[in-house]
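**Student:** The following block contains the structure, expressed as structure tokens.
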Amino acid sequence: MNKKKIYVVGIGPGAYEQMTMRAANALEQCDVIVGYTVYVELVREHFAGKRFLTTPMKKEVDRCILAFEEAAKGSTVAMICSGDAGVYGMSGLMLEIGKEYPDIQVEVIPGVTAANGGAAVLGAPLIHDFAVISLSDLLTPWEKIEKRLLMASEADFVICLYNPSSKKRHDYLEKACDLMMRHKSPDTVCGIVSNIGREGESCRVMTLKELQKTQVDMFTTVYVGNSQTKEIDGKMVTPRGYVHG
């Protein structure tokens, strides 16, 4: 007897052509697509024959249980996440809740996370070691975020910031820049990318000092270079250290 199946699928930035083939195939093979309302709308037109179930933001546990209950009835289910399911996505929670459904197999399908998608737009900011830090303190205390920013800066990592701002956290990027400038030069090359892989995509390269006064939103990913990062023809480039020419 075949095990019942749930795919946890990273759909990338959202556009169909930016999904991996494996992600698109998983969505083709499933009967039901479950996800946050906004993400479901991104894929609905390309998988019109499927049944769609949605929950709003902050209903993540309910969403996961919904997916398992559908699979338990015999449907093949896809739980979709933007970007990669394992980077601030749902794969961890799905595997935790999956312990209560031992007869259902969970397969995680990777996708292009914002760090990679935005890096390609900016040029090559992540060529060397880098850290990804979310500025959202919804699930992580600010004190811990602060320590991670300081430690990553002191270690001269390139730092990619997710969730840099919101209405309630309008000054968090400014605070983060203050912290990073304890160990990074104000002239450090930085970049921002908004609406990665979606309509209205835009990017800018600037210094860390300029970044501190820049307004961003939840649809922006921020890149803070290391001491070697440079601007080349408007692109943000972190050298790997290869000797050439």
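The values are calculated or read from the model by the stated rules, or taken from the named source; none is laboratory data. All values reported here derive from a predicted model rather than from experimental measurement. In this analysis, Cβ positions are derived from the backbone assuming ideal geometry, glycine residues included, and neighbour counts consider all displayed protein chains. In case anyone asks, the SASA skips ligands and DNA or RNA and just uses the protein heavy atoms, side chains included. Shrake-Rupley method; radii C 1.70, N 1.55, O 1.52, S 1.80 Å.
**Student:** Can you name the condition, by its number, that I97 falls short on among (1) open to solvent by 40 Å² or more (accessible area, probe 1.4 Å); (2) farther than 12 Å from G10 by Cα; (3) out of contact with any strand residue (DSSP E or B) (no Cβ under 8 Å at 6 or more places or on another chain)?
**Tutor:** Every listed condition holds for I97 apart from (1).
**Student:** Taking segment 230-244, which residues are surrounded by 12 or more Cβ atoms within 10 Å (Cβ to Cβ) and outside any strand (DSSP E or B)?
**Tutor:** T238, P239
**Student:** Name every residue in segment 153-170 that is of a type in the set (D, E) and in contact (Cβ under 8 Å) with a residue 40 or more places away in the chain, in order of residue number. It would help to see each step written out before you state the result.
**Tutor:** At the first step, the residues of segment 153-170 found to be of a type in the set (D, E) are 154, 156.
Listed by number, the list holds a single entry, D156.
**Student:** Within segment 104-116, how many residues turn out to be part of a loop (DSSP other than H, G, I, E, B), out of contact with any helix residue (DSSP H, G or I) (no Cβ under 6 Å at 6 or more places or on another chain) and either at pLDDT below 95 or crowded, with 21+ Cβ neighbours inside 10 Å (or both)?
**Tutor:** Restricting attention to segment 104-116, the residues satisfying the condition of being part of a loop (DSSP other than H, G, I, E, B) are 110-113.
If we keep only those that are out of contact with any helix residue (DSSP H, G or I) (no Cβ under 6 Å at 6 or more places or on another chain) too, we end up with 110, 112-113.
Within this subset, residues satisfying the condition of being either at pLDDT below 95 or crowded, with 21+ Cβ neighbours inside 10 Å (or both) are 112-113.
Residues meeting the conditions: 2.
**Student:** Only one residue in S227, S202, S194 is exposed (fewer than 15 other Cβ atoms within 10 Å of the Cβ) and touching a residue at least 12 places away in the same chain (Cβ under 8 Å), so which one is that? So that I can check it myself, show each step before the final result.
**Tutor:** Numbers: S202 fails: touching a residue at least 12 places away in the same chain (Cβ under 8 Å); S194 fails: exposed (fewer than 15 other Cβ atoms within 10 Å of the Cβ).
The unique qualifying residue is S227.
**Student:** Suppose we keep only residues that are open to solvent by 50 Å² or more (accessible area, probe 1.4 Å) and touching a residue at least 24 places away in the same chain (Cβ under 8 Å) within segment 117-131. Which one would you say is nearest to K59 (Cα to Cα)? Step through it out loud before you land on a result.
**Tutor:** From segment 117-131, those open to solvent by 50 Å² or more (accessible area, probe 1.4 Å) are 120, 127-130; that's our starting set.
With touching a residue at least 24 places away in the same chain (Cβ under 8 Å) added as a condition, the list becomes 127-130.
Details: I127: 36, H128: 36, D129: 34, F130: 31 Å.
Restricting to residues being open to solvent by 50 Å² or more (accessible area, probe 1.4 Å) and touching a residue at least 24 places away in the same chain (Cβ under 8 Å), the top hit is F130.
**Student:** I need a count of the residues in segment 1-19 that are in contact (Cβ under 8 Å) with a residue 12 or more places away in the chain and surrounded by fewer than 17 Cβ atoms within 10 Å (Cβ to Cβ).
**Tutor:** Of the residues in segment 1-19, the ones in contact (Cβ under 8 Å) with a residue 12 or more places away in the chain are 3-16, 18-19.
Among the residues that remain, those that are also surrounded by fewer than 17 Cβ atoms within 10 Å (Cβ to Cβ) are: 3, 15-16, 18.
The number of residues fulfilling the criteria is 4.
A quick yes/no check of all residues on (1) assigned to a loop (DSSP other than H, G, I, E, B); (2) among the aromatic types (F, W, Y); (3) under 21 Å from the mean Cα position of the chain (by Cα):
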site	(1), (2), (3)
E143	no, no, no
D156	yes, no, no
L161	no, no, yes
L173	no, no, yes
A176	no, no, yes
L179	no, no, no
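**Student:** Then there is this: What's the number of the only condition in (1) touching a Pro at 6+ places or on another chain (Cβ under 9 Å); (2) modelled with pLDDT of 95 or more; (3) of a type outside the set (K, R) that I196 fails to meet?
**Tutor:** Failing condition for I196: (2).
**Student:** Also, I was wondering about something else. Return the total of residues in segment 117-135 being among the aliphatic types (A, V, I, L, M) and in a helix (DSSP H, G or I). First the steps, then the outcome.
**Tutor:** As a first pass, look at segment 117-135 and keep what is among the aliphatic types (A, V, I, L, M): 119-122, 124, 126-127, 131-133, 135.
So of that shortlist, the ones also in a helix (DSSP H, G or I) come out as 119-122.
Here the count works out to 4.
**Student:** Restricting to segment 49-73, name every residue that is at pLDDT 95 or above and on the phi > 0 side of the Ramachandran plot.
**Tutor:** none
**Student:** Under 6 Å between Cβ atoms, at least 6 apart or on separate chains: pull out the pairs that start in segment 28-44 with a residue that is touching a residue at least 24 places away in the same chain (Cβ under 8 Å) and end on any residue that is part of a helix (DSSP H, G or I).
**Tutor:** These pairs meet every condition: V32/E70; V34/L66; V34/A67.
**Student:** Could you list, in sequence order, the residues of segment 39-86 that are open to solvent by less than 50 Å² (accessible area, probe 1.4 Å), touching a Phe, Trp or Tyr at 6+ places or on another chain (Cβ under 6 Å) and over 18 Å from A114 (Cβ atoms)?
**Tutor:** V40, F68, A78
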